[in-house]
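Chemist: Next up is a structure, given as structure tokens.
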Amino acid sequence: MFIQGILVVQPTHTAKQKKEGTYAHAALNDVALLTAIAGLVVIEYNKISHNGTHFVSPHAILGLITYILTALQAVVGITQYFVPQLYGGEANAKKLYKYHRVGGYVILLAMLATVALATQTDYNKNVLQIQLWAVLVGALILLLGVVPRIRLNKFGYLAGR
């Protein structure tokens with residue numbers, strides 16, 4: 001759902017598309033974040049009930065960092081659009097959009113890396129046996145769908161385009 005949340009605003013051209021895209025982006029990402037938090041709660045409940053270790057594997061550490069970045073990203077995105085006064089007005093809030101976009105792509109890469117690191121956990125090695133190569137191929141296919149839709153001018157580069 002996070003990917004759909006990205007794709008729905010890539011690219012938009014008219015004011016109507018931008019507004020509708022923003023609402024769809026927010027809704028998809030909100031549901032995705034709530035689902036991810038539910039997953040974290042289930043995992044932590046399982047760890048607690050089995051006296052498991054918490055946040056020691058690279059997967060767990062990067063996952064926690066990714067959760068924190070995602071929550072911060074959500075707060076910034078929501079406030080930029082719906083409460084721009086916090087940034088000194090709509091014009092100032094819009095100036096920060098490029099950082100929100102960059103942050104989203106960085107978080108996407110962190111999410112993909114977190115999933116890849118999950119293949120190295122004991123649970124995966126002993127139970128699921130999902131192969132790292134399969135996750136990397138899936139991530140590559142996903143990126144092949146997302147990257148061509150990125151518009152560098154939306155980051156403030158290539159302003160003439």
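The values are calculated or read from the model by the stated rules, or taken from the named source; none is laboratory data. The model shown is predicted, which means the values in this text are computed figures rather than measured ones. Cβ: placed from backbone, ideal geometry, glycine included. Neighbour counts: every protein chain shown.
Chemist: From the list ALA91, ALA110, which residue is out of contact with any Ser or Thr (no Cβ under 6 Å at 6 or more places or on another chain), part of a helix (DSSP H, G or I) and on the phi < 0 side of the Ramachandran plot?
Modeler: Matching residue, one of ALA91, ALA110: ALA91.
Chemist: May I ask you to say which residue of LEU40, LEU7, LEU86, LEU69 is among the aliphatic types (A, V, I, L, M) and free of Cβ contacts under 8 Å to residues at least 24 places away in the same chain?
Modeler: When all the criteria are applied, what remains is LEU86.
Chemist: Given (1) modelled with pLDDT under 95; (2) touching a Ser or Thr at 6+ places or on another chain (Cβ under 7 Å); (3) within 16 Å of THR114 (Cβ to Cβ); (4) not small (Gly, Ala, Ser), where does PHE55 come up short, assuming only one miss?
Modeler: (2)
Chemist: Test ILE61 against the stated conditions and say whether it is in a helix (DSSP H, G or I), loosely packed, with under 13 Cβ neighbours inside 10 Å and either among the hydrophobic types (A, V, I, L, M, F, W, C) or out of contact with any Phe, Trp or Tyr (no Cβ under 6 Å at 6 or more places or on another chain) (or both).
Modeler: Considered against the rule, which asks whether it is in a helix (DSSP H, G or I), loosely packed, with under 13 Cβ neighbours inside 10 Å and either among the hydrophobic types (A, V, I, L, M, F, W, C) or out of contact with any Phe, Trp or Tyr (no Cβ under 6 Å at 6 or more places or on another chain) (or both), ILE61 comes out as no.
Chemist: Let me ask something additional. I need the full set of residues from the range 66-88 which are loosely packed, with under 15 Cβ neighbours inside 10 Å and assigned to a helix (DSSP H, G or I), in order please.
Modeler: Answer for the range 66-88, where residues must be loosely packed, with under 15 Cβ neighbours inside 10 Å and assigned to a helix (DSSP H, G or I): ILE68, ALA71, LEU72, VAL75, ILE78, PHE82, GLN85, LEU86.
Chemist: Out of the residues in the range 42-57 that are surrounded by 14 or more Cβ atoms within 10 Å (Cβ to Cβ) and not charged (D, E, K, R), state the one that is farthest from GLY103 (Cα to Cα).
Modeler: Step by step, filter the range 42-57, then rank; the result is ILE43.
Chemist: Can you run down the residue pairs with Cβ atoms below 7 Å, 6 or more apart or on separate chains, where the first is in the range 16-28 and closer than 18 Å to ILE3 by Cβ and the partner is assigned to a helix (DSSP H, G or I)?
Modeler: THR22/TYR81; HIS25/GLY5; ALA26/ILE78; LEU28/GLN4; LEU28/GLY5
Chemist: Here's another thing I want to ask about it. Starting from the range 129-149, take each residue that is without any contact (Cβ under 8 Å) to a residue 40 or more places away in the chain and list its partners that are surrounded by 13 or more Cβ atoms within 10 Å (Cβ to Cβ) and in a helix (DSSP H, G or I), counting only C-beta distances under 6 angstrom and pairs at least six apart or across chains.
Modeler: Hits for this filter: ILE130/ASN124; VAL135/VAL115; VAL135/ALA116; ALA139/LEU112.
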